[in-house]
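The values are calculated or read from the model by the stated rules, or taken from the named source; none is laboratory data. Predicted model only: the values in this text are computed from it and were never measured. Cβ placement follows ideal geometry from the backbone for every residue including glycine, while neighbour counts extend to all protein chains displayed. For the accessible areas, the whole protein counts, side chains as well, though only heavy atoms, and no ligand, DNA or RNA atoms are used. Shrake-Rupley method; radii C 1.70, N 1.55, O 1.52, S 1.80 Å.
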Amino acid sequence: MPNINPRSTARRESEQTPRHQFAKIAVASLILFALTWGVACASHALEDNTDYSVKVCDRVDDISDGMLREELSVEDIEAHIELLESELDSVRGELVDATERFILALKEILAGGYYDYPTLQVLNYLDTYEHMEQHVEGYEALENVRFECEYVGKEWIGDAPSVQVHFSQSGIEAGKYTLEELIEHGETLFTASFNALDGAGRPTRTGDARFRDRREGFESFNRISGPDSNACSGCHNLPVVGGGGDNVANVFVLGQRFEFVNFDDQMEFDFRDDLEDRLQYEQEDEDPLTLQNVGNERNTVGMFGSGFVELLAREMTRELLAQEEATIAEAKKSGWPVRREISAKGIDFGAITAHPNGFVYTSEVEGVDGDLIVRPFSQKGVFRSLREFNNDAMLHHHGIENYERVGSFKDRDGDGVVNEMTPGDATALVAFLVSLPAPIPETPEDPDQRAIVELGRQKFTDIGCALCHVPELPLESLVFTEPNEFNVGKDLRPEATDAVLEIDLSDFASELRQDENGHFLIPVFSDLRRHDMGEGGVLDNEEIIQGGVPTEQWMTRRLWGFASEPPFLHHGRATLISDAIVAHGGSANGARNRFLGLPQEEKDALIAFLKTLTIPTE
């Protein structure tokens, strides 16, 4: 096993060494005197952050030394804990999380009457004894604090991690970070070129978190099975950071299930026995690998307006689940099966049949899974939240583990780095993505151009494009809360937090119209559901099923901003918008044929309209 290579926990600028802090305070004092006393007081805690971090580390040492020497009574330890919690209020970063776990371990030892000797040094003993389990937990928590304390105020010289500051989720919940700081940190994570000191790479793990034979060094990167990228912005960069990507940045979705793709020996893979059920891949057993079946090649989709998209999906999910609950109640009351057509925000999702015993028959459900959760992210619609999408992408594409999934101070991928990404980092990354503004369509100023665009808009509706690419969906609230209530597994959920983060998205969209009910009309140009694009058609080119979604089904592409992100279609094979339209089939076959039947002038007008759906670059 490799030695643990500590990932930096160096603090943010306000948490540097006292020498640097003194210089900054001296310069800033001229400005601070001009501010109100309230603002000055609010800044004080942040300025003294390093000093308080040192105090916390010293106090933890005092507690552990005193307990080892049997000098502290239960009352003494409780007094130390009270002081430690007070000092921790002025500290930010991962030291907070580690110290809180240490405090919790101490409280459990005291509350359970486990404060007998030896305490917090049990790993020096070869035999077992009563209460050893509780002492081991306390010892490990203590070592985690010491790990963090080694990097308080650290300045890197020479090679250094790209991300030298990590945010604490408990600190976010306690209001220790401003929204601006969260967004800035999230952007740092999104644009960072992760390196080995960050924990980039996953030597002993595949991208779907299964164990594999060790691959490291120059074999830690693989363009197909991953990790395949150094930075999120390496792919999401058209026309600016956060947007789509060129064909050169295409990824091979589900290629990460392989240990290390190498076509030299014509690898074979047993799809029946080696895959986790939840991933639901399908392929003939032991098929030789080809470029076509090794993974599903996908073009990068932009993230602008993602906060609005997730809010729409949440509200639609609540609508669908409420209809399911009402149908079950009706079936139980009547004693007979009840069939109900279901919809959300005017979008049809098929029908359900509820039985008196509470069982719900979902074979008629369309466009969404049988659990009725609207999953708006990925081109197959398999991710329910930005957090879930990000956590998967970090491991798959970069080999960065969020300890929200693997556990704190756990090196699951064998690269010698722990806590590569924190839950607080994950929250900050979501904050950055929801701050990417909604791509509101702009009408040309030139009267002649405006007339052409309006004609194109009308033809877009007339030929049936707007039936799926719904121009506007109503949103009741612009308040984005993190984490998502529908997260599952180890992804953070609201009930696991002391407070949810609230972000008012009205700051990230201009000139949103409202309907007669006061709902905000989001010009997403999608119905946020899947559609059949034609079995065996041009768009049914993939061989591997992702998340149980048939290969011919695709999420309706959100068209807002898409014109700024060529090429087009899920794999980026269409270089012209007209080529993308003609490739439609299945449930879109009628609209496609009507487009082909338009006079050239009207075709051009429709495309001129679509070209107004751009991403803001200022």
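Magnitude of the Cβ-charge dipole of the chain, K/R +1 and D/E -1, about the Cα centre, nearest 20 debye?
Working: 54 positive and 113 negative charges, 353 e Å.
Approximately 1700 debye in magnitude.
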To the nearest 10 square angstrom, what accessible area does Lys107 show with a 1.4 Å probe?
90
Taking K and R as +1 and D and E as -1, what net charge do the other residues with C-beta under 14 Å from the C-beta of Val538 add up to?
-4
Please identify the chymotrypsin sites (Phe, Trp or Tyr not before Pro) of the stretch 145-242 that satisfy two criteria: DSSP loop assignment and at most 14 other Cβ atoms within 10 Å. Which are they?
Trp156
So how far, in whole Å, is the C-alpha centre of the stretch 149-166 from the one of the stretch 379-405?
25
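Roughly what % of Cα-Cα distances in the chain sit above 47 Å, to the whole percent? Intermediate results must be reported in sequence, preceding the final value.
Numbers: 45161 of 190653 pairs.
That tail contains 24 percent of the Cα-Cα pairs.
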How many angstrom lie between the Cα centre of the stretch 498-521 and the Cα centre of the stretch 421-482?
13
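Which semi-axis lengths, in whole Å and largest first, follow from the square roots of five times the eigenvalues of the Cα gyration tensor of the stretch 383-488? All intermediate terms of the calculation are to be shown ahead of the outcome.
Working: eigenvalues 360, 44, 38 Å².
Square roots of five times the eigenvalues give 42, 15, 14 Å.
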What is the distance in Å between the Cα centroid of the stretch 175-226 and that of the stretch 227-258?
13
Looking at the chain, what % of its DSSP beta bridges pair antiparallel, to the nearest 5?
95
Please determine, in degrees from 0 to 90 and to the nearest 10, the orientation of helix 74-88 with respect to the longest principal axis defined by the Cα atoms of the chain, where the helix direction is its Cα long axis.
50
Sequence-separation-based contact order of the chain, relative, with Cα cut under 8 Å and 6+ spacing, percent:
15
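Below 8 Å, C-alpha to C-alpha, sequence gap of six or more: please give me the relative contact order for the stretch 291-374 in percent. Display every interim value, and only then the final one.
Working: 101 pairs, mean separation 19.5, N = 84.
With pairs under 8 Å counted, the relative contact order is 23 percent.
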Given Lys345/Lys380; Lys154/Lys176; Lys55/Lys490; Lys380/Lys603, which pairs have Cα atoms separated by over 23 Å?
Lys55/Lys490; Lys380/Lys603
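Arranged from highest to lowest average of other beta-carbon atoms within 10 Å per residue, in what order do the peptides 590-600, 343-353 appear? Mind showing how you got there, number by number?
Values: 590-600: 13.9, 343-353: 17.7.
Highest-to-lowest ranking by the protection proxy: 343-353, 590-600.
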How much solvent-accessible surface does Arg340 expose, in Å² to the nearest 10, with a 1.4 Å probe and all protein chains in place?
70
Calculated [θ] (222 nm, deg cm²/dmol) that DSSP helices of n ≥ 4 give over the chain, each run adding -39,500 (n - 2.57):
-11000 deg cm²/dmol
Descending semi-axes in whole angstrom, ellipsoid equivalent of the stretch 408-466, from the Cα gyration tensor
50, 15, 9
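Just add up the charged neighbours of Gly597: K/R +1, D/E -1, any other residue whose Cβ is under 14 Å from the Cβ of Gly597.
Details: positive: Lys459, Arg592, Arg594, Lys603; negative: Asp462, Glu601, Glu602.
In short, +1.
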Cα-Cα P(r), the stretch 406-558, percent of pairs per 5 Å interval:
2, 7, 10, 12, 14, 14, 14, 12, 8, 4, 2, 1, 0
Leaving out ligands, DNA and RNA but keeping every protein chain, what accessible area does Thr575 have, in Å² rounded to the nearest 10, with a 1.4 Å probe?
100
Options Thr443, Gly537, Ile342, ranked by Cα towards positive dipole end of the chain, top entry (Cβ charges)
Thr443
Whole number in Å², please: accessible area per residue of the chain, 1.4 Å probe, ligands, DNA and RNA not counted.
45
Would you mind checking which residues have amide H under 5 Å from Leu521's amide H? H placed 1.01 Å from N; only 5 or more apart, or other chain.
Leu475, Arg513, Gln514, Asp515
